[in-house]
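Here is the structure we will look at, set down as structure tokens.
Nothing in this text is a laboratory measurement; each read-out follows from the coordinates by a stated rule. Everything numeric in this text was worked out from a predicted model, so none of it was measured. Cβ atoms come from the backbone with ideal geometry, glycine included; neighbour counts cover every protein chain shown.
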Amino acid sequence: MGKKEAAERTGKAVLDAVRGWAHERPPLWLLRQAGRYLPEYRQVRAKARDFLGLCYAPELASEVTLQPLRRFDLDAAIVFSDILVIPDALGQTVRFEEGEGPVLEAITDAVAVGRLRAEGAVERLAPVMETVQRVRAELASDKTMIGFCGAPWTVASYMIGGRGSVDQAAARRFALTHQEAFEALLDMLVEVSAGYLAGQLRSGADVVQIFESWGGGLDEVAFRRWVIAPTEALVRKLRSRVRGAAVIGYVRGGSELLVEFAQATGVNAVGIDHTVPVGFARRRLSGVAAVQGNLDPLRLVAGGEQMRARAEEIVEAFTGTAHVFNLGHGIRPETPVGNVEELIAAVRGGE
Ligand code: CP3
């Protein structure tokens, strides 16, 4: 058994795999599994005032969290929320524009960092805790409940850039020219995120995932300082509040520095995107942490034989190791629902 710690097996397959247990076929869930590709999501979404309103309405958010599990044979639910609820709770203006994604009032100097309000931020996220409680109450006992937050660097890059960007140039420039203010912002995000994740675990989440969606594109010095160091601090602070907290660190755009990331941060599992070769992940990561991933979401959009063949290659690459099957990045809105069913059957080992 690929087991490193003396953690009891719980029968929740995703939690067990994250903690180091190997399964004959890997358990699975899908990044961003609730969302616009589901007609029932679009229906609920139309009832909410706006996207953040949906995140803060526990009744609707818990319904949307459970939708993919009603339709598909998935092993985990991930609480419906967004990584940008933290900037919102810190007092920054966050809007989600139709067809454009998130738009924030960009932070351009130290004064703007000083205006953020960390006190009370976790308390302002109480509706998310209530969503977790509601989902846990309805979820079968063999399903894993996942909580999440954005990693400090990824969240900071939205807060500084004001929106998503290909290269996070605004955030990289700010980090290099306003070092002190940038470090203060990362520290604040570490503190609030630790409290937020602890709250989700106490409300019934089994595992938490930290999304480093903009972890690529940094040089090695920056990756160590802005990705590895704050994530290490976040995991340590979280575990000082919730002992033995099970953590998945997802990094989009990971390189061979993922090995150092896994070792230094102490995450239980590393989530990898589809650009990471499975042979490398098996040889270099599987000895250090469980691995989650990594089918290209476009293979799921296209479907058919190429999707099933690649899914099987991924499953086989990690045979005998602790592996959670997943996509390399979030499911896309244009994904045909039938392809999701076929993918799940393929991962389960249906001939
Ligand atoms: O099932 C789930 O996982 C849903 C919960 C969830 C959402 N966002 C809901 C959402 C999760 C885990 C996220 C994480 C998230 N949010 C990330 C990290 C994962 C990743 O994709 O890299 C990031 C970078 C964000 C920020 C964000 N939120 C963006 C860039 C966008 C716009 C792009 C898009 O996918 O629409 C959002 C909006 C968002 N978050 C939607 C959903 C369902 C769509 C908005 C809508 O329904 O109107």
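Listing for the model above:
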quantity: Pairwise label distance in nanometres, E138 with D187, each label 7 Å out on the Cα-Cβ vector; calculated: 4.2
quantity: Electrostatic dipole magnitude of the stretch 195-243 [Cβ: Lys, Arg +1; Asp, Glu -1; Cα centre; debye, to 20]; calculated: 400
quantity: Of A151, A169, A140, farthest towards positive along the dipole that unit charges on Lys, Arg, Asp, Glu beta carbons give the stretch 63-202; calculated: A140
quantity: For the stretch 199-318: relative contact order, % (alpha-carbon pairs under 8 angstrom, 6 or more apart); calculated: 22
quantity: Added length on full extension, which subtracts the Cα-Cα distance from 0.36 nm per residue, R36 to V111; calculated: 23.3 nm
quantity: For peptides 217-225, 94-102, sequence by mean Cβ density within 10 Å, most packed first; calculated: 217-225, 94-102
quantity: Extended-chain gain in nm, criterion 0.36 nm per residue less alpha-carbon gap, F280 and R70; calculated: 72.1 nm
quantity: For L52, L125, order by how many other beta-carbon atoms lie within 10 Å, fewest first; calculated: L52, L125
quantity: Amide H partners (placed H, <5 Å) of N326, local residues excluded; calculated: G293, N294, L295
quantity: Relative contact order computed over the stretch 13-348 (Cα-Cα under 8 Å; 6+ residues apart), in percent; calculated: 23
quantity: Amide H contacts of G150 (H built 1.01 Å from N, under 5 Å, at least 5 apart or other chain); calculated: F211
quantity: Reachable aspartates and glutamates from K47, criterion Cα separation under 13 angstrom, eight or more residues apart if same chain; calculated: E59, E63
quantity: Mean separation of Cα contacts under 8 Å, 6 or more apart, over the residue count of the stretch 117-189: relative contact order %; calculated: 24
quantity: Other-chain or far-sequence residues with amide H under 5 Å of A76's (modelled H); calculated: T144
quantity: Overall dimensions of the stretch 259-330 by Cα: Rg and Dmax, Å; calculated: 12.1, 39
quantity: Burial order of peptide ranges 201-211, 316-326, 276-286, 41-51 (average beta-carbon count within 10 Å, highest first); calculated: 201-211, 316-326, 276-286, 41-51
quantity: Cα-centred dipole magnitude for the chain, charges only on beta-carbon of K, R (+1) and D, E (-1), debye, nearest 20; calculated: 540
quantity: The stretch 98-127 versus the stretch 183-226: alpha-carbon centroid distance in Å; calculated: 15
quantity: Overall dimensions of the stretch 13-348 as given by Cα atoms, namely Rg and Dmax in Å; calculated: 18.7, 55
